[in-house]
Amino acid sequence: MKKILLVLICGWLSTAMLSAQELNATVNVLIPQQVTSPPELFNTMKSNITEFLNGRKWSKDTWQLSERIQCTFQITIEQQVDNRSFRGSLQVTSSRPVYNSAYKTSVLNINDRDFEFVFQENTMIQWSNDQHRDNLSSVLAFYANLILAMDYDSFSMEGGTDYYLSCQAIINNAQNAAESGWRSNEKGRQNRFWYIENILSQTFKPIREFLYNFHRKGLDKLAIDQTEAVAAMSLAINALDDVHRIKPSSYNMQVLFYAKSDEIVNIYTPRSMDEKKSVAEMCKLLDPGNISKYERIVQ
């Protein structure tokens, strides 16, 4: 009997190893001093959100434990509306390893300032692919799929399409939600709707091509041929000008450079003056909010 149990346990463990969940998310909940709920509520919130993100499979592909995407979900609660309702922001980051190195490169860094949700302490977060149950589960599922989309895009050309489409389906299901962030007619264009609407359009295709060319043809080959790898990254950056000329200072471009600006500075600072000047000037054009940062490249 013990041998049978051992075989069953080993088989279960092997299956778990072969079908590991995709995300390895760290969740942080920051709260203001004036909240009325006890700390235990926010500990439970953190635990339930972590389980929601890490405890389910978001794709149909097989993932090894070592392949899980390192990501963070930082919730900053700015207002407690009542005992169960909260308003604040959600910052989501993700990274991926670079081949032949111990380095991890930032892929996504986005700050969602339209985060309103209800949390019930004694209720697990529920999710359904074909309906909007509540804002908390929909926002978390949206960003889980966005992380996957951008990760897949960084490994194969436009490999993340299915996950961008999943994000779009979540948006469509949330059109009647009371909370903001889901609709085209909201003030400004820096919300979930417009991020996905843009990234799936032909105009923004160079951003998706950048994710592949910069990471797969560039960073992943730095240890093999540095000159060729840096040249590929330069071409990927320059190609973003096609987006800038049509949609200057777009939300998608801002999000891209939130993740990549520091890395670009670090990569190009030790390069030749010709390489540095060209990339610095292009980055100042594409990401004018960080001009002083790119000027450091050529100093």
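The smallest convex shape that holds all Cα atoms of segment 193-299, its convex hull, gives 88 Å³ per residue.
With a Cα cut-off of under 14 Å and a minimum spacing of 8 residues unless on different chains, the lysine pairs in segment 237-293 number 6.
When the convex hull of the Cα atoms of segment 37-167 is projected onto a plane and the area is averaged over all directions, what value comes out in nm²? Mean orientational projected area (segment 37-167, Cα hull): 8.9 nm². Among beta bridges from DSSP that stay inside the chain, the antiparallel ones total about 75%.
What FRET efficiency do you get for R68 and A231 if R0 is 30 Å and r is their Cβ-Cβ distance, rounded to the nearest 0.05?
On the way: r = 32 Å, r/R0 = 1.06.
The computed FRET efficiency comes out at 0.40.
Count neighbours as other Cβ atoms within 10 Å of each site's Cβ, and list the chymotrypsin sites (Phe, Trp or Tyr not before Pro) in segment 92-181 that are DSSP loop with at most 14 such neighbours. Could you put the intermediate results ahead of the total?
Working: sites: Y99, Y103, F115, F117, F119, W127, F142, Y143, Y152, F155, Y163, Y164; in loops: Y99, Y103, F119, W127.
In loop regions of segment 92-181 (DSSP not H, G, I, E or B), the sparsely surrounded chymotrypsin sites (Phe, Trp or Tyr not before Pro) are Y99, Y103.
Screening the chain for whole DSSP H helices with an alpha carbon extent of at least 15 angstrom along the helix axis and a mean Kyte-Doolittle hydropathy of at least 1.6 yields 2-18.
Relative to the 2.2 N^0.38 Å rule of thumb, the chain has a C-alpha radius of gyration ratio of 1.09. Entry note: segment 63-122 has Rg to Rh equal to 1.16, where both radii use alpha-carbon atoms and Rh is the Kirkwood radius.
Note on S184 and S89: with the Förster distance fixed at 30 Å, the Cβ-Cβ geometry gives a FRET efficiency of about 0.90.
Computed over every Cα-Cα pair of segment 139-271 and binned at 5 Å starting from 0, the pair-distance distribution P(r) comes out as 2, 10, 18, 22, 19, 13, 8, 4, 2, 1, 0 percent.
Calculated from the alpha-carbon coordinates, segment 238-299 shows an Rg and a Dmax of 11.1, 32 Å respectively. When the helices of the chain are scored as -39500 (n - 2.57) per DSSP H run of n ≥ 4 and the total is divided over every residue, the value at 222 nm lands at -15000 deg cm²/dmol.
The numbers here are math on the coordinates, done by the rules we state, and not lab data. Owing to the predicted nature of the structure, the values given are computational and were not obtained by experimental measurement. Reconstructed Cβ throughout: ideal geometry from the backbone, glycine too, with neighbour counts over all protein chains shown.
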